[in-house]
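Trainee: What follows is a single structure, and I will ask about it in a moment.
The values are calculated or read from the model by the stated rules, or taken from the named source; none is laboratory data. Since the structure is predicted, the reported quantities are computational estimates derived from the model, not experimental observations. No Cβ is skipped: glycine too gets one built from the backbone with ideal geometry, and neighbour counts run over all protein chains shown. In case anyone asks, the SASA skips ligands and DNA or RNA and just uses the protein heavy atoms, side chains included. Shrake-Rupley method; radii C 1.70, N 1.55, O 1.52, S 1.80 Å.
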Amino acid sequence: KSITGMAIGMLIAEGKLSLEDKIYPILDKKLLFTGGHQKSLAVEHLLTMTTGVTFNETGIVSGDDWVTSYLLASTRGKPGKTFEYNSMNTYILSAIVTKITGEPMVEYLRPRLWEPLGIHQVYWETCPMGINKGGWGLFLTTEDAAKLGQLYLRKGNWEGQQLLPECWVEAATSHQEDTPENMGPYGYGYQVWLGGRPGSFTFNGMLGQNVVGYPDLDLVIA
C-alpha cells in the first residue's frame, strides 16, 4: 500500500492528479446510478482509508471487474469522516495510475522508482482485468524493501536524485486520520502507519512483513 502511495505522489508531482480529484470522472464517467456520497469520493479519501465504501477484498471472488463493483457499492456515511481499513481503496489507487498513464503501476514505477533504487527483482500480482492489486501482492527482497524505507527516511531523495517531493513524503508520514485503538493508536498518513516515536512510520505488510523508519535515529528496520 505504501508503495502505491508513492506512485500517487509521483503523479501529483507530475501535475497529472490532485488530492481533490473525484475518482468517478477519472475511472468511468458512465456510472451514473450512484448516490451523492459515492460521487464525492476523492483521491485523498482513498489514501486515508476514509471512503466508507462497503466493497472490500472479501467481495473480489464475486466477479472479475473489481473497479465497477467498487464504484457501484454503497458507502457508510459521508466520505472523509471515518477511518475504515479497506485494501480495495488502494486497489482503486492502482487503477487510477493505470487509467492516467496507460500502463500497469509496476511499469509506471520502473523508471521512477525501481531502476533508480537498483531494484531488479520485483513482481506485483494483478486482478483479472490486468490491474496491479496495489494493496497487496507485491514481491520484493527484504533488502529492496529496506531501500524504500530509506527513501522516505531521506525525504524522497536517493543519491542526489529527488524521486519524490519532500513535501509529499512529509505529508504521507504525518498524521492524517485517527485510527482505532486495536489497529494502532498513533494514526495513519497516506497509506502509511504512524508510530509512537516522533516522526516514525511503518510500511505494514501481511504476516509481519514490515519496514519501520525512525528518522530521529537515522534508522530503517525491514
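Trainee: For residues that are modelled with pLDDT under 95 and in a loop (DSSP other than H, G, I, E, B), scanning just the range 174-196, find the one that is nearest to L153 (Cα to Cα).
Mentor: G196
Trainee: Among the helices (runs of 4 or more DSSP H) contained in the range 1-86, which hold 2 or more residues that are at pLDDT below 90?
Mentor: 36-39
Trainee: Could you look through the range 197-222, keep only residues that are on the phi > 0 side of the Ramachandran plot and part of a loop (DSSP other than H, G, I, E, B), and pick out the one that is nearest to the chain's Cα centre (by Cα)?
Mentor: Ranking the qualifying residues of the range 197-222, first place goes to G199.
Trainee: On the given criteria, is K99 outside any loop (DSSP other than H, G, I, E, B), open to solvent by 70 Å² or more (accessible area, probe 1.4 Å) and among the basic types (K, R)?
Mentor: Against the criterion (outside any loop (DSSP other than H, G, I, E, B), open to solvent by 70 Å² or more (accessible area, probe 1.4 Å) and among the basic types (K, R)), K99 qualifies.
Trainee: Can you give me the number of residues within the range 102-128 that are open to solvent by 50 Å² or more (accessible area, probe 1.4 Å) and touching a Phe, Trp or Tyr at 6+ places or on another chain (Cβ under 7 Å)?
Mentor: Qualifying residue count, the range 102-128: 1.
Trainee: Give me a count of the residues in the range 131-162 that are closer than 18 Å to V211 by Cα and outside any loop (DSSP other than H, G, I, E, B).
Mentor: Total meeting the criteria: 16.
Trainee: Quickly run through the range 147-171 and pick out the residues that are open to solvent by less than 30 Å² (accessible area, probe 1.4 Å) and either of a type in the set (S, T, N, Q) or touching a strand residue (DSSP E or B) at 6+ places or on another chain (Cβ under 8 Å) (or both).
Mentor: Passing the criteria: L148, G149, L151, Y152, L153, G156, L163.
Trainee: Find all pairs meeting these conditions: Cβ atoms under 6 angstrom apart; at least six residues apart or on different chains; first residue within the range 159-181 and within 17 Å of L117 (Cα to Cα); second residue among the aliphatic types (A, V, I, L, M) and open to solvent by 20 Å² or more (accessible area, probe 1.4 Å).
Mentor: Pairs found: P165/A13.
Trainee: Criterion first (buried (at least 18 other Cβ atoms within 10 Å of the Cβ), closer than 30 Å to K22 by Cβ, without any contact (Cβ under 8 Å) to a residue 12 or more places away in the chain and not aromatic (F, W, Y)) does T202 satisfy it?
Mentor: Yes.
Trainee: Considering each of P116, P128 in turn, give the residue that is assigned to a loop (DSSP other than H, G, I, E, B) and in contact with a strand residue (DSSP E or B) (Cβ under 7 Å, 6 or more places away or on another chain).
Mentor: Exactly one residue qualifies, and that residue is P116.
Trainee: Right, something else. Is there a residue in the range 214-222 that is open to solvent by less than 40 Å² (accessible area, probe 1.4 Å) and either within 25 Å of N86 (Cα to Cα) or free of Cβ contacts under 8 Å to residues at least 60 places away in the same chain (or both)?
Mentor: No, the range 214-222 contains no residue that is open to solvent by less than 40 Å² (accessible area, probe 1.4 Å) and either within 25 Å of N86 (Cα to Cα) or free of Cβ contacts under 8 Å to residues at least 60 places away in the same chain (or both).
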